[in-house]
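The values are calculated or read from the model by the stated rules, or taken from the named source; none is laboratory data. Just so it is clear, the model here is predicted, and its values are computed rather than measured. When we count neighbours, we look across all protein chains shown, and the Cβ atoms used for this are built from the backbone with ideal geometry, even at glycine.
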Amino acid sequence: MTYIVVSHYASCMASTIRKPAAVNKLNGNPGCRKRSLVEPEFDPSTPEPPFDMPDVAMEHWHYNIKQFESVPGMLTSADRDLLAQYCLAWQEYYDASQEIDRVGLIVHSKEGAPYQNPAVGIRHKATAIIITLGARFCLSPSDRVGKSFGDGKPKEDALTLLLKKREKAN
């Protein structure tokens, strides 16, 4: 069974990605621009995986669902197809990496001329899709910069707590 990951999101990469209303509420409006705080509401239940996902994709599905459940409102049933595409890209990355490990980066034609293993291009494309779709779900530290999750309050580190205790003692 072959899965093809179609990324129509690449065309959106040049434009600014709009923030959801919930993120706008948490981050405030420092520019005082008029913003719409209304957006469609989707079923907040955890989406079910597609029934025919391959093994590695299914592992990534369950791993990511577990991560998203710790952040209320981060994932809805409407995100199912996008998350499935993300997980299928991981499957393609894994399959291409296995092929590269088996055959190598360079393969030879019937005439003996060396050329790049086609799996290298597949792995590069899968990597691009993983990065693009992962950004939609805030899956890297740089994607989470400036975003508030949970109760919107920053967590205090040990030094801040120590300084507060000293201030109370004085």
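Taking first residues from region 83-104 that are free of Cβ contacts under 8 Å to residues at least 60 places away in the same chain and partners that are β-branched (Val, Ile, Thr) and part of a helix (DSSP H, G or I), the Cβ contacts under 7 Å between residues at least 6 apart in sequence or on separate chains come to Tyr86/Ile130; Trp90/Val56; Trp90/Ile130; Tyr93/Thr127; Tyr93/Ile130; Tyr94/Val56; Ala96/Ile122; Ile100/Val120.
Once region 90-143 is narrowed to residues that are in contact with a Lys or Arg (Cβ under 8 Å, 6 or more places away or on another chain) and among the hydrophobic types (A, V, I, L, M, F, W, C), the residue that is nearest to Met58 (Cα to Cα) is Ala96.
Filter the helices (runs of 4 or more DSSP H) completely within region 6-106 down to those with at least 3 residues that are more than 21 Å from Val145 (Cβ to Cβ) and either of a type in the set (S, T, N, Q) or at pLDDT 75 or above (or both).
Details: elements: 21-27, 55-69, 80-103.
Because the criterion is at least 3 residues that are more than 21 Å from Val145 (Cβ to Cβ) and either of a type in the set (S, T, N, Q) or at pLDDT 75 or above (or both), the helices (runs of 4 or more DSSP H) in region 6-106 that meet it are 55-69, 80-103.
Kindly provide the set of residues from region 115-170 that are modelled with pLDDT of 70 or more, within 27 Å of Asn64 (Cβ to Cβ), assigned to a loop (DSSP other than H, G, I, E, B) and not aromatic (Phe, Trp, Tyr), ordered by number. Correct list: Cys138, Leu139, Ser140, Val145.
Is it true that Ala119 is closer than 30 Å to Pro44 by Cβ, more than 14 Å from the chain's Cα centre (by Cα) and of a type outside the set (S, T, N, Q)? Spelling it out, it is not the case that Ala119 is closer than 30 Å to Pro44 by Cβ, more than 14 Å from the chain's Cα centre (by Cα) and of a type outside the set (S, T, N, Q).
One residue stands out among those in region 43-90 that are touching a helix residue (DSSP H, G or I) at 6+ places or on another chain (Cβ under 7 Å) and β-branched (Val, Ile, Thr): the one that is surrounded by the fewest Cβ atoms within 10 Å (Cβ to Cβ), which is Thr46.
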